[in-house]
Amino acid sequence: MTLCAMVPLFREIYGFRDLLWILVARNIKIRYKRSALGFLWTFLNPIFMIIIYSIFLKILKAFDASDPVYLQKLVTGIIVWQFLAMCTGDALHAVLGNANLVKKTSFPRIILPLSTVLANLVNFLLVLPILIIFLFATGAFSMGAASILLPLIILTQLALCLGLSLILSGLNLFFRDTEHLMSAVMLAWFFLSPIIYDFSHIPERFQRLAMLNPMCGIVTGYRAAFLGTDLMAPRLVGLSLLISWLVLAIGVALFQRWQVTFGDKL
């Protein structure tokens, strides 16, 4: 889908911006519905995760002795991964879980997966200060040259998450086993991405192939921005980021084609 073709879509979404924000707020509230601490879990979950990893990695002696900031890289990677995982998980029911709204109301259907992604973006942006505080407290925080690219990296991950959410939210209507299949796909994708290891550990002959995985460039970019680590291969990182925007374009095109049949599939 070309940029010119997307302009009317942007205008349509903007015309229903009130509905979009209502759905974003609803999705945020639903996550912690009936929870005693409610929205506080947004901050508590990453804190508990950092504590647990810090304790058990020391007990199991699973640190990479050659890397003094292994724990910090691991925590950064996992927090970044969780943003993607939460978006893809919520996307599966973005349309399917709003059957009554789709059947009875006229609005751009793209608002449904978009609202789930934006709700998770709010959660992610609130978690980032916790990550920065942890990195700063452990002496690992370093505003490298890549920090200038942080807004672009966040936008690129947002593009990837939205593109995948559009594909999955529509695909799950046509193929209801998508939800179960995604569990295996996400597990494989996690280990194929440099989350529990550094990109430099990938053999050089496979690094170009690895960068076809958009999460390689995204995770490497976040680590470079927060920890001052080397981008390794800037051109390959650029390729990885470009693929994320390509996924968004494909997601929008497929979703716009599929949405005309949503009413029949619900």
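The values are calculated or read from the model by the stated rules, or taken from the named source; none is laboratory data. None of the values given here were measured: they were computed from a predicted structure. Backbone-built Cβ (ideal geometry, glycine too); neighbour counts: all protein chains shown.
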Next item on the list: Report yes if some residue within the range 185-193 is under 28 Å from Pro68 (Cβ atoms) and of a type in the set (Ser, Thr, Tyr); otherwise report no.
Entry: yes
Check: Identify, please: which residue in the range 212-266 is among the polar types (S, T, N, Q) and part of a helix (DSSP H, G or I) and is, among those, nearest to the chain's Cα centre (by Cα)?
Finding: Ser244
Check: What pairs come up if the first residue lies in the range 80-98 and is free of Cβ contacts under 8 Å to residues at least 24 places away in the same chain and within 20 Å of Arg223 (Cα to Cα), the second is part of a loop (DSSP other than H, G, I, E, B) and of a type in the set (Val, Ile, Thr), and their beta carbons are under 7 Å apart, counting only those six or more places apart or on different chains?
Finding: none
Check: If you go through the range 65-84 one residue at a time, do you hit one that is exposed (fewer than 15 other Cβ atoms within 10 Å of the Cβ) and either among the hydrophobic types (A, V, I, L, M, F, W, C) or modelled with pLDDT of 85 or more (or both)?
Finding: yes
Note to self: Criterion first (among the hydrophobic types (A, V, I, L, M, F, W, C) and either touching a residue at least 60 places away in the same chain (Cβ under 8 Å) or buried (at least 23 other Cβ atoms within 10 Å of the Cβ) (or both)) does Leu254 satisfy it?
What the structure shows: yes
Next item on the list: Provide a single number: the residues in the range 175-202 that are over 16 Å from the mean Cα position of the chain (by Cα) and not in a helix (DSSP H, G or I).
Entry: 7
Next item on the list: Determine whether Ile132 is of a type in the set (A, V, I, L, M), surrounded by 19 or more Cβ atoms within 10 Å (Cβ to Cβ) and within 17 Å of Thr76 (Cα to Cα).
Entry: no
Next item on the list: Check Val127, Val122, Val117 and return the single one that is in contact with a Pro (Cβ under 6 Å, 6 or more places away or on another chain), part of a helix (DSSP H, G or I) and modelled with pLDDT of 85 or more.
Entry: Val127
Notebook entry, point to check: Does Arg235 meet the test of being surrounded by fewer than 17 Cβ atoms within 10 Å (Cβ to Cβ) and either without any contact (Cβ under 8 Å) to a residue 12 or more places away in the chain or not aliphatic (A, V, I, L, M) (or both)?
Noted result: yes
Next item on the list: Kindly provide the set of residues from the range 200-221 that are out of contact with any Pro (no Cβ under 9 Å at 6 or more places or on another chain) and either more than 23 Å from Gln72 (Cα to Cα) or small (Gly, Ala, Ser) (or both), ordered by number.
Entry: Glu204, Arg205, Phe206, Arg208, Leu209, Leu212, Gly217, Gly221
Checklist line | Leu112 assigned to a helix (DSSP H, G or I) and touching a residue at least 40 places away in the same chain (Cβ under 8 Å) | finding: yes
Next item on the list: Check whether at least one residue in the range 222-236 is within 24 Å of Gln82 (Cβ to Cβ) and in contact with a Pro (Cβ under 9 Å, 6 or more places away or on another chain), and report yes or no.
Entry: yes
Check: Quick one: is Phe107 among the aromatic types (Phe, Trp, Tyr) and either on the phi > 0 side of the Ramachandran plot or surrounded by 21 or more Cβ atoms within 10 Å (Cβ to Cβ) (or both)?
Finding: no
Check: Does Ile50 satisfy being modelled with pLDDT under 85, over 30 Å from Leu254 (Cβ atoms), among the β-branched types (Val, Ile, Thr) and exposed (fewer than 12 other Cβ atoms within 10 Å of the Cβ)?
Finding: no
